[in-house]
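All remarks here apply to the structure that follows.
All of the numbers you see were taken from the coordinates with simple rules; none came from a lab. Just so it is clear, the model here is predicted, and its values are computed rather than measured. Methodologically, a virtual Cβ is constructed for each residue, glycine included, from the backbone with ideal geometry; neighbour enumeration extends over all protein chains shown.
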Amino acid sequence: MKKNIDTRRDDLVVLGIESSCDDTSAAVLRGHTLLSNVIASQAVHTAYGGVVPELASRAHEQNIVPVVSEAVSRAGLTLKDIDAIAFTRGPGLLGSLLVGVNYTKGLALSLGIPMVEVNHLHAHVLAHFIQEEGEAHDEPDFPFLCLLVSGGNSQIILVKSPEEMQIIGQTIDDAAGEAFDKCAKVMGLGYPGGPIVNRLANEGDSKAFAFARPNVAGYDYSFSGLKTSFLYTLRDELEKNPNFVEERKADLCASLQATVIEILMKKLRLATKELGIKQVALAGGVSANTGLRAAFEDHARRYGWKIFIPKFAYTTDNAAMVAMTGYFSLKAGRTTAMDAVPFARVTM
Ligand code: KG4
C-alpha cells in the first residue's frame, strides 16, 4: 500500500543506496543529520590491479541486503521509519548500478514509499551538507566552486543551488586520480596508486624532478602530458641506473604529487578570481590527498578563501552523500518513476 508522505518535511528520513563502482553502501539521514553510513568495500579487485565490473556486480548482489539492514539498525530505526529511498542512477558501472536500482525499486514498492534518483557527481559535491550529530557544522553558501577530483573526473563545478550545477572546467584527457594511478603502476607501486604516492611523497623532495605542465585554455585540465613526461624520465634514468625507481621513489612521488596539485590549483585560482567566488569546496577520491588538502589551507590563508574539505569518510564513495542529495531533490518536489534505468554516463 502506498504511504502518504510529505517529502518537503525538514525531518524527512531518507535511506541512501550507493552501488556505482566497487563500494556497496547504505546510509540513513534525518534531514541533514547523519544517523548511519555503512560501506562494504570489495577487496576482490585488489589482485587484478583495478575494478573488474563482473565481480563488482556480484559483490554488490551479495552485500546489498546486509548493508541496508545494518544501516537501518545502526540508525536505531526499522524499515517502517524510512520515508523515501535515494539511489545512485549514474554515472558508474552499469551492472553495479543495476543492483542498486533494482533493489531500491523492490524496497520502495514493498514499503509504499517514493524513490528518488541521484547523480553520483552531484552527491560528491553535496556531501558538504551532511551534518554529524553533536558536531559544529559549517556548510557552503550558494554559489560556490567545487573541485571534484577522482579516478574518473577532474572538474571545476560552479554550484548555483543543490539542483543547479555547471561544469566550468574539466580534463580533456586523463583525470587527476588516473595520473596518480598510472604513474604508480609504472613504478610498480600497486593499486590504487594515489594513496601510495601520497604516503611516499611525504618522505621525498617535491623539487627533485621537473615534469611537464599543460598549457590548456580556460579552466580545463590535462594530465596526459605529465604522465608521458613522467614515463620518459623513468625510461631515461633506468637506462643509466636499473635501481633508479627503487632508490628515488619518494622523490619521484613527491615531485609528481606537487605537479598534480600545482596544475589543479592554478585553474581553481583563475576561476575564483574571474568569477569573484571565494567559497571553495573539495570533493572526490583524490581529495584524500594530504598535499592537496594542505594546498587548500594555504590558499585559504593567502587569498582569503573559505574552504570546505570533506572528512576522509566522505572522500570515497558513500551512501550518506546519496541520501543528502536525494533529500534536496525530494524537498524540491522530485521523485523517480518505477521504470527508471541506470545510466553508465551522466553529465551534470
Ligand atoms: O572517487 P574515487 O573513490 O573513485 C573513482 O572515481 O574511481 O577516487 C579514486 C581515486 C583513485 O584514482 C585513487 O588513486 C585516488 O582517488 N586517491 C588518491 C588518494 N586517495 C585516493 N589520490 C591521491 N592521494 C590520495 N591520498
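One table, with the values for the structure above:
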| item | result |
| --- | --- |
| The chain - charge dipole about Cα centre, Lys and Arg +1 at Cβ, Asp and Glu -1, debye rounded to 20 | 480 |
| Contact order normalised by residue count of the range 144-276, Cα under 8 Å, 6+ apart, percent | 25 |
| Over the chain, relative contact order from alpha-carbon pairs under 8 Å, at least 6 apart, % | 25 |
| Length released on extending from Val65 to Lys278, taking residue separation times 0.36 nm less the Cα-Cα span | 72.4 nm |
| Cα-Cα over 29 Å, subset of Lys105/Lys306; Lys185/Lys267; Lys2/Lys160; Lys267/Lys311 | Lys105/Lys306; Lys2/Lys160 |
| Hits among lysines - C-alpha to C-alpha of Lys207 under 16 Å, sequence gap 8 or more where chains match | Lys249 |
| Residue-averaged 222 nm ellipticity for the chain, from DSSP H runs of 4+ at -39500 (n - 2.57), nearest 500 | -13500 deg cm²/dmol |
| Candidate aspartates and glutamates - alpha carbon under 17 Å from Lys331, same-chain residues fewer than 8 apart omitted | Asp6, Asp10, Asp11, Asp83, Glu117, Glu163, Glu164 |
| Stretchable slack from Ala294 to Ala43, in nm (0.36 nm times residue separation minus alpha-carbon distance) | 87.4 nm |
| Theoretical gain in end-to-end length, Ile167 to Ala340 [0.36 nm per residue, Cα-Cα removed] | 59.8 nm |
| GNM result for the chain, Cα springs below 10 Å: residue of Leu12, Leu292, Leu200 fluctuating most strongly | Leu200 |
| Asp141 versus Asn4: modelled label distance in nm, points set 7 Å from Cα along the beta carbon direction | 4.0 |
| Calculated FRET value between Glu262 and Glu54, using beta carbons and R₀ = 51 Å, to 0.05 | 0.85 |
| C-alpha center-to-center spacing [the range 16-34, the range 272-318] in angstrom | 22 |
| Local electrostatic count, Gly188, Cβ distance below 11 Å [Lys/Arg +1, Asp/Glu -1] | +1 |
| The range 165-242: relative contact order in percent, alpha carbon pairs under 8 Å with at least 6 residues between | 39 |
| Axial C-alpha extent at least 27 Å, average Kyte-Doolittle at least 0.0 - helices from the chain (DSSP) | 244-275 |
| Tyr232 paired with Val245, simple spin-label distance in nm, labels 7 Å along Cα-to-beta-carbon | 2.0 |
| Calculated P(r) of the chain - Cα pairs past 36 Å, % | 23 |
